[in-house]
Each structure stands twice: as structure tokens, then as C-alpha cells.
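Below is one structure, written out as C-alpha cells; the observations come after it.
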Amino acid sequence: MDLLEKMLSCSRRWFSWTLPIVLVLAVRLPLHGYAPTLIFGVYGEGLLTADGSGEAAVRASGLLSWRSLLAERASLAFYASSNLDRTVVDSQRLYDSHTLSIDALIQSPAGLLFGEGGLSGSLTGTLEGQSPYLRPDWRIGYEGQREDLRASVTYRGYYLNQPETNEDSLFQGFTLALEAHPSIRIRYGLEILGGWERWTEWFLYDAGGGETDENRDDFLGSLKVSAGGLIGYFHDWSIAAEGGVRWSDANRLTAPLPVEEGSESYLFFAVNGDWAWSPHRQVSLEVGAFARQDLYIQRDALTLAGTLSGVPLRVFSAGADLRGDWTPNDRLFLVLEVSASRRFANEPGESWWNCLGRAGIEFSF
Amino acid sequence: MIRLFAAGGRRFPQFSFIGCLIVFSLFAAIPVSGQDVESAITKTLEKSRYSERQKASIISFFTETDRADLPAELLVPKLEEGIAKRIPAQRVLDALKREREGLLKARALILRVEGGEQVLADRASWARTANLLAGGISETEIERLILLCRSRVGDFRPATYLYAALKEWGLGQEPSFSLIGALLRSSISADSFMGVMDLLATGRRRRIAPEELVRRIEEHLKQVKRIEELEKWIY
């Protein structure tokens with residue numbers, strides 16, 4: 001109940017400032033909206049995890065998206081989606097996840113201004129294992145284009161509220177992005193991110209292992225390069241490589257030392273790629289894959305006994321997903337999704353894997 | 001390499017003196033559209049293992065083609081392909097005749113359309129029209145494409161490639177022509193017309209019907225300079 005009240009209170013605050021804006025815009029401006037997209041889906045799904053347990057569930061999902069043109073060069077879009085999963089084998093549990101967002105675009109001769117506000121959350125947790133959370137997020141930015149080069153600067157942030165853990169955090173950051181489009185067949189991108197994250201319920205320990213009232217603060221920096229484009233008329237692809245650092249002042253209690261400093265600081269390197277193919281309006285296929293290496297700077301991997309091993313923690317994650325669908329009439333879609341991911345680490349408790357399969361029907365109204 | 005030849009390595013077949021004389025006399029009879037074409041045919045035939053009689057038949061074919069005021073240079077790649085794949089001369093000649101028939105039909109079709117002379121003046125567009133006919137695109141569809149491209153004749157080929165892709169993807173004739181017309185009226189470069197297919201595929205993944213998306217693209221085309229800009233406005 002406490003969780004529900006906390007979430008609803010935050011939702012009400014969010015609605016209290018977004019709803020009037022939407023209503024004022026709707027009343028004052030000559031809206032010309034596209035036909036809204038409304039989708040309802042029902043799926044059967046199965047999840048296998050590293051501990052050998054399997055779970056079968058049914059999912060019901062709904063999605064509404066609607067873009068309205070406020071003027072010739074200004075638009076407002078609304079997006080809402082919900083997923084409900086009910087397990088059907090051992091225990092009959094209900095999981096949920098919801099997303100709500102509004103974005104605005106204003107094109108001026110000097111460039112494009114964009115802003116977005118959203119709210120995502122789950123009251124009971126998600127089937128994939130995420131505990132209940134509420135996450136308002138926001139983004140505002142500017143994008144300019146000259147010839148084949150597009151540059152943008154974005155400020156974005158979120159507040160992650162997780163009532164069942166002490167991992168609530170506020171993130172704020174800036175992204176500078178450059179994108180070159182030498183032709184329609186190829187594009188290159190470069191993105192630099194700098195951000196700060198405050199963990200509002202995570203407090204540092206003093207040298208003796210006593211908890212202080214000082215919050216954990218992390219600084220994030222990363223550099224991403226990407227490429228993508230079209231192959232012929234029916235294929236598109238993208239790849240990206242990213243490297244960065246999370247520099248945290250967090251520490252943790254360990255044995256035999258009372259406190260291990262820099263326990264959450266690490267370097268990371270990641271690559272991912274996607275390929276999509278739609279040879280006919282009835283068919284679509286998407287494949288994606290990723291790999292990521294986290295190299296902890298000061299944190300030692302723990303042994304099975306829970307003591308420091310003297311070796312820095314190393315974590316490698318990789319995964320792949322496939323999604324395909326077929327429609328006879330642009331309204332009814334048969335959907336199939338498969339994904340698998342695995343995490344390897346030199347610490348026993350940090351390694352896991354899971355596989356998810358989902359098949360179902362979506363109806364677009 | 002030199003050692004191999006000196007050791008009696010395999011040589012390319014040489015034209016005999018009589019063969020050269022026949023080829024020369026046949027070409028002398030052709031008011032050849034260009035020395036380059038004549039040279040290309042000669043060089044291509046030199047690479048072949050066809051008999052002198054077969055070579056003479058092929059040259060005679062090109063003479064007739066030229067007399068019919070058809071662009072012989074458009075048929076040379078077919079000859080080159082046939083020889084490279086070591087296809088028998090008669091089969092190559094049959095294929096060349098079919099290609100020539102296609103060019104003749106394409107010319108008649110293009111000239112039937114108002115403003116078609118400009119399309120015909122561009123040899124590549126002429127060849128493209130013949131390809132479209134061979135590919136099963138109807139004469140009515142091609143006529144409509146020519147009409148749409150009258151103001152941007154140079155973009156006839158990219159427009160037809162997009163049309164063929166849209167047709168293969170399953171978009172109906174009317175939305176396809178409407179979309180291509182809007183693209184040709186916009187300031188979007190023809191090199192990026194193919195980007196439309198990516199927009200449609202992405203829209204489909206978001207469950208937006210292609211016909212609805214075509215309407216949105218057309219509505220926003222006049223406000224953008226590049227096709228990539230559309231993705232922010234149409235979904």
C-alpha cells in the first residue's frame with residue numbers, strides 16, 4: 001500500500017504539470033492529428049533462468065501513440081503502453097510494466113528544438129526480474145543541420161524510485177552528438193556523454209565501517225561511435241561501439257578489510273549491432289546482438305566464501321535477440337520473439353543467463 | 001609471367017587476316033554511332049572463341065541495330081556478359097535480339113507519352129524503360145512514371161527503381177504513384193529516394209499502415225530537405 005501510495009503520489013505530481021500543458025495546447029492551437037495507433041496484443045511466453053527454473057506466462061499488452069501537428073513545423077506526440085504478465089505454472093503471479101511519454105518538436109530556421117517527458121514504472125515488478133519501480137524522465141535538446149552533418153546537444157535526466165531496494169537515484173547528463181550522412185546508404189555517428197548520478201538512499205561508510213549521511217555520487221563519461229545504413233531497398237543495419245567510465249565514490253563493507261573503496265567504479269566497453277529486413281509489407285524480421293565488458297577498477301571479485309579474492313572483478317555480458325512478424329492485412333500481426341543473454345564474471349554470484357521466448361497475436365485498430 | 005609465355009603458355013586465339021578483313025569490311029558499312037562502340041565490339045569479339053562466321057553474324061546484328069537508329073552501345077554489355085560466361089554464339093545472338101526488341105518497344109512507348117523525347121534522349125533511361133518492360137511492369141505504369149518525371153527527367157531511373165521496390169514490397173499502384181509524384185515535386189535528391197523504403201518498414205514495425213504513412217510522408221515532404229528528417233515527424 002505504501003508503495004502504491006508513493007507511486008500514485010509521484011504520478012499525480014507528474015500529471016499535475018503535464019496535463020494542463022497538454023490541455024492548453026489542445027485548446028489554443030489548431031491541432032491536426034494523425035490517426036492514432038492503437039494496438040492490443042496477447043502472447044504466450046516462457047522464461048528460463050540460470051538457476052534452472054522455468055516460468056510460463058501469458059501477456060496482455062496495449063499501446064497508444066498519437067502525433068498531433070500544432071503548426072506546420074511543430075508537433076506534439078503522446079505515447080502510452082502497458083504490459084501485464086501472469087505466470088501460469090508454479091505460482092500465479094502478476095507482473096506489470098507501463099510507459100507514458102509526451103514529446104514536442106519545434107522546427108525553426110536555426111534548427112530543431114525538442115523536449116520529452118515520460119514516466120515508466122511497475123507496481124509489482126517485471127517478469128524479467130526488475131523490482132517495482134517508478135521512473136520519471138525528461139529530455140530537452142537542440143539539433144542543427146548543415147549539408148550532410150547533423151549536430152545536437154541534449155540535456156536529459158531521470159529519477160529512479162525503487163521502493164524495495166536502497167538504489168533510488170537521480171541522473172542528469174548532457175550528450176553531444178554528431179551524425180554524418182554522406183549518402184542514404186551510410187551514416188556515421190559520434191556521441192559524447194557526460195553525466196552525474198546521485199544515489200539518494202545509498203550512503204557511504206567511514207573508515208571504521210560506520211554508515212555516514214553522505215550520499216553516493218557517480219560521474220559517467222562515455223564515447224560512442226556508430227555506423228548504419230541501407231543495403232538495397234529492404235535491409236537496414238547499424239553497429240555501435242562504446243567505451244566509458246563510471247567513477248563512483250561508493251564503498252562497501254568487506255572482509256577482512258572493513259571497507260573497500262571505489263567498489264562501484266569501472267571502465268566499460270560495449271558493442272552492439274542490429275539488422276532489419278522487410279522484403280514485403282507482410283513480413284518483418286529484426287536481429288540484434290550485443291557484448292559488453294565491465295572492468296572494475298578497485299573492486300575485488302569475491303570468493304565463494306565471500307572474502308576478497310585479490311583479483312579485480314571482471315564482468316562480460318553478451319546477448320542476442322530476434323523478432324519477426326507476419327500480417328495478412330496490416331491489422332492482425334502474428335509475432336515471434338526470442339532473446340538470450342549471458343553474463344560471465346570471475347565472482348560466482350555475478351554470473352547468470354536467461355532465455356525468453358514469446359509468441360502471440362497483435363491487433364492494430 | 002614472361003617465363004610462362006616463353007615456355008609456350010596458353011595464348012589467346014588470334015584473329016586471322018581474313019577474319020580481320022571481314023570485320024573491317026562489315027564495320028566500314030556501318031555508319032557507327034561512335035568509335036568507342038565499334039572498338040568495344042571488336043575487342044569483345046577478340047576475347048571470344050566464336051568462329052569467324054559467328055563473329056560475322058554478331059557484327060551483322062550490330063549493323064542492323066545501328067541502321068534501325070537504336071543505341072548499339074546499350075547492347076555491348078550483354079555481348080560481353082555472354083562471352084565472359086562462355087555462352088554459345090547463337091544463344092548470345094538470341095539474347096541480343098530480345099534486348100533489341102525491348103529497346104524498340106521502349107522507344108515506341110516513350111514517344112507515345114507527351115514529353116517523352118527528353119527521356120528518350122537519355123540512353124540510360126531508354127535502357128531502363130526496356131528493363132521495366134522485360135521485368136513485367138505494364139506499359140500503363142511506365143507511361144505514368146514518364147509523365148511524373150517530365151519535370152525531372154534526370155531522375156527517371158531512381159524513380160523507377162523506387163517504383164519497382166514499392167511494387168515488390170506490396171504497396172498498391174495509386175499510393176506508389178502518389179508518393180513518387182510528391183518526391184519528384186520536393187527538393188529531395190533522387191539519390192535518397194530509396195530511404196522511403198526504410199521509413200515504410202520502420203512505420204510497419206510501429207504498426208502504422210503503409211498507406212497512412214504515405215499520406216504523412218507526402219504532407220511533410222515540402223518541409224524537409226533530406227529524407228532522414230522525416231523520421232522525426234511521421235511516426
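Every number here is computed from the coordinates shown, using simple stated rules; none is lab data. Just so you know, these numbers come straight off a predicted model, no measurement behind them. Glycine gets a Cβ as well: all are built from the backbone with ideal geometry, and neighbour counts include every protein chain shown.
For chain B, the longest principal axis of the alpha carbon atoms and the long axis of helix B:139-148 meet at an angle near 70°. Rounded to the nearest 0.05, what FRET efficiency is calculated for A:LEU94 and B:ALA84 with R0 set to 60 Å and r the Cβ-Cβ distance? Computed FRET efficiency for A:LEU94 and B:ALA84: 0.35. When exposed loop sites are taken as trypsin sites (Lys or Arg not before Pro) in a DSSP loop with at most 16 other Cβ atoms within 10 Å, the longest stretch of chain A clear of them is A:186-330. This ranking places B:VAL76, B:VAL196 by how few other beta-carbon atoms lie within 10 Å of each, fewest first, which gives B:VAL76, B:VAL196. On full extension, the segment bounded by A:PHE316 and A:THR124 gains 66.2 nm, given 0.36 nm per residue less the C-alpha separation. For chain A, averaging the sequence separation of C-alpha pairs within contact (under 8 Å, six or more residues apart) and dividing by the residue count gives a relative contact order of 10 percent. Its Cα centre serving as origin, segment A:204-281 has a Cβ charge dipole (Lys and Arg +1, Asp and Glu -1) of approximately 680 debye. Here chain A is assigned +1 on the Cβ of each Lys and Arg and -1 on the Cβ of each Asp and Glu. Its dipole about the Cα centre then comes out at about 1320 debye.
Dipole of chain A computed with +1 at Lys/Arg Cβ and -1 at Asp/Glu Cβ about the Cα centre; of A:LEU204, A:THR87, A:PRO328, farthest Cα towards the positive end is A:PRO328. Of A:THR126, B:GLY181, A:LEU176, which is farthest on the positive side of the dipole of the protein assembly as shown, counting Cα position, with +1 on Lys and Arg Cβ, -1 on Asp and Glu Cβ, and the Cα centre as origin? Farthest towards the positive pole: B:GLY181.
Hey, which of these cross-link pairs are over 25 Å Cα-Cα: A:LYS224/B:LYS232; B:LYS105/B:LYS222; B:LYS55/B:LYS97; B:LYS97/B:LYS167; B:LYS47/B:LYS105? Check vs 25 Å cut-off fails for B:LYS105/B:LYS222; B:LYS97/B:LYS167; B:LYS47/B:LYS105.
Projecting the Cα atoms of A:LEU38, B:SER39, A:LEU149 onto the charge dipole of the protein assembly as shown (Cβ charges, centred on the Cα centre) puts B:SER39 farthest toward the positive pole. For B:ARG152, neighbours were defined as the other residues whose beta-carbon sits under 15 Å from its Cβ, and their charges (Lys and Arg +1, Asp and Glu -1) total +2. Residues whose amide H lies under 5 Å from that of A:HIS235, counting only those 5 or more places away or on a different chain, are absent; hydrogens are built 1.01 Å from N in the peptide plane.
Classify chain A from the C-alpha gyration tensor, please: rounded if a/c falls under 1.5, else prolate or oblate depending on whether a/b exceeds b/c. It is rounded, given that a/c, with a ≥ b ≥ c, falls under 1.5. Averaged over peptide A:230-238, the number of partner chain Cβ atoms lying within 10 Å of each residue's Cβ comes to 4. Counting neighbouring beta carbons within 10 Å and listing from fewest to most, the residues A:HIS280, B:HIS220 come out as A:HIS280, B:HIS220.
Which whole number gives the average count of other chain Cβ atoms within 10 Å of the Cβ atoms across peptide B:204-217?
5
Karplus-based coupling profile of segment A:63-73, in residue order and whole Hz: 9, 10, 9, 8, 10, 10, 8, 7, 8, 4, 10, with θ = phi - 60° in 6.51 cos²θ - 1.76 cosθ + 1.60 and x standing for Gly or Pro.
Against chain A, whose longest principal axis is taken from its Cα atoms, helix A:2-28 shows a tilt of about 30°.
Note down the net charge around A:ASN329, summing +1 for each Lys or Arg and -1 for each Asp or Glu among other residues with Cβ under 15 Å from its Cβ.
In short, -1.
Averaged over the residues of peptide A:319-327, the number of Cβ atoms from other protein chains lying within 10 Å of each residue's Cβ is 1.
Between segment A:62-95 and segment A:96-156, how many Å separate their Cα centres? So the two Cα centres are separated by 15 Å.
Counting only helical runs of four or more DSSP H residues, what would the 222 nm mean residue ellipticity of the protein assembly as shown come to if each run contributes -39,500 (n - 2.57) and the total is spread over all its residues? Estimated from H runs of four or more residues: -10000 deg cm²/dmol.
Put simply, the amide H of B:ILE188, placed in the peptide plane, has no neighbours under 5 Å, leaving out anything fewer than 5 places away on its chain. Between the amide H of A:GLY125 and those of A:ASP96, A:TYR133, distances stay under 5 Å, these residues lying 5 or more places away or on another chain, with hydrogens modeled in the peptide plane. Please work out whether segment B:138-235 counts as rounded, prolate or oblate from its C-alpha gyration tensor, where a ≥ b ≥ c are the square roots of the eigenvalues and a/c under 1.5 means rounded, while otherwise a/b larger than b/c means prolate and anything else oblate? Verdict is oblate for segment B:138-235.
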